[in-house]
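Derivation of every value follows stated rules applied to the coordinates shown; laboratory data play no part. Nothing here was measured: the structure is a model prediction, and the numbers come from that model. Don't worry about glycine lacking a Cβ; one is built from the backbone with ideal geometry, like all the others, and counts go over all protein chains shown.
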Amino acid sequence: MTKNTQTDNFAAKAGSWDNPSKIDMTNKFVAALLEKVNPEKDWNVLEIGAGTGLVALQLLPLVNSITFEDTSEAMLSELQSKLKGDENVNLFHGEVTEISEGSFDFAVSCMAFHHIPNLQNTLKHIHQITKPGAIVAIGDIHTEDGSFHHFDPIPHTGFDTEKLSEIFEENGFKTLSVSDYNVLTRERTPGIFSDYTQFLLIAERK
Ligand SMILES: C[S@@+](CC[C@H](N)C(=O)[O-])C[C@H]1O[C@@H](n2cnc3c(N)ncnc32)[C@H](O)[C@@H]1O
């Protein structure tokens, strides 16, 4: 892992991240993803905001290598503890924009994009470290009122997928599809249940 001195906002959550709710959420994402994308055996994959690896560890048997990127050292430590040691993986602690080189065939991210402040710079950089024709798959939630994160400050309270697609297009990607794959129902305010719809955006690097 590389060094990164920012506050680890996920440190307190990392040890209990892999609970039934998160496992169900990520399994639904992977199922939706595999309906749209056929991973290939020679693919080198980047997972952005990989956390404890609940998503891309499922893809590992299908591809050549995976780079798991995250700004939380604690989340990556949980991921490290699940590895046997002989996997073709790399754990990168830092912002994706700090990955200096790469030629990834596929980049995937689940519920992490809303934590990334500057998506223009991030997508511009992802363009630089992916191959022409590479696929990028992003799972996140549609625009919400801030309650999903208990009104804590967060870079993006979900996304307007048309605007998100435009940011992809502006940075050298063609949006192939946007589809909803799950609805999370959460009681963020006592007695009030809200629905947060999750979408999957698939884009191709030009
Ligand atoms: C909601 S969790 C999702 C984790 C994992 N993708 C999953 O679905 O289980 C969001 C993750 O994004 C990471 N994160 C937060 N800010 C980030 C950033 N600027 N760049 C990359 N990852 C970030 C967090 O550390 C955390 O692991």
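Quick notes on this structure:
- Candidates PHE148, PHE173, PHE106, filtered to the one that is within 16 Å of GLY49 (Cβ to Cβ) and away from the ligand (no atom under 14 Å from the Cβ): PHE106
- ALA112 vs. criteria in contact (Cβ under 8 Å) with a residue 12 or more places away in the chain, within 25 Å of GLN198 (Cα to Cα), more than 9 Å from the ligand (Cβ to nearest atom) and crowded, with 20+ Cβ neighbours inside 10 Å: no
- Filter result for SER21 (under 21 Å from VAL183 (Cα atoms) and small (Gly, Ala, Ser)): yes
- Those residues of the range 2-49 which are farther than 26 Å from ASP195 by Cβ and touching a helix residue (DSSP H, G or I) at 6+ places or on another chain (Cβ under 6 Å), in sequence order: ASP8, ALA11, ALA14, PRO39, GLU47
Yes/no matrix, rows are residues, columns are (1) in contact (Cβ under 8 Å) with a residue 40 or more places away in the chain; (2) within 13 Å of the ligand (Cβ to nearest atom); (3) within 20 Å of LEU201 (Cα to Cα):
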{"residue": "SER72", "(1), (2), (3)": "yes, yes, no"}
{"residue": "GLY85", "(1), (2), (3)": "no, no, no"}
{"residue": "PHE92", "(1), (2), (3)": "yes, yes, no"}
{"residue": "ILE116", "(1), (2), (3)": "yes, yes, yes"}
{"residue": "ILE126", "(1), (2), (3)": "yes, yes, yes"}
{"residue": "LYS131", "(1), (2), (3)": "yes, no, yes"}
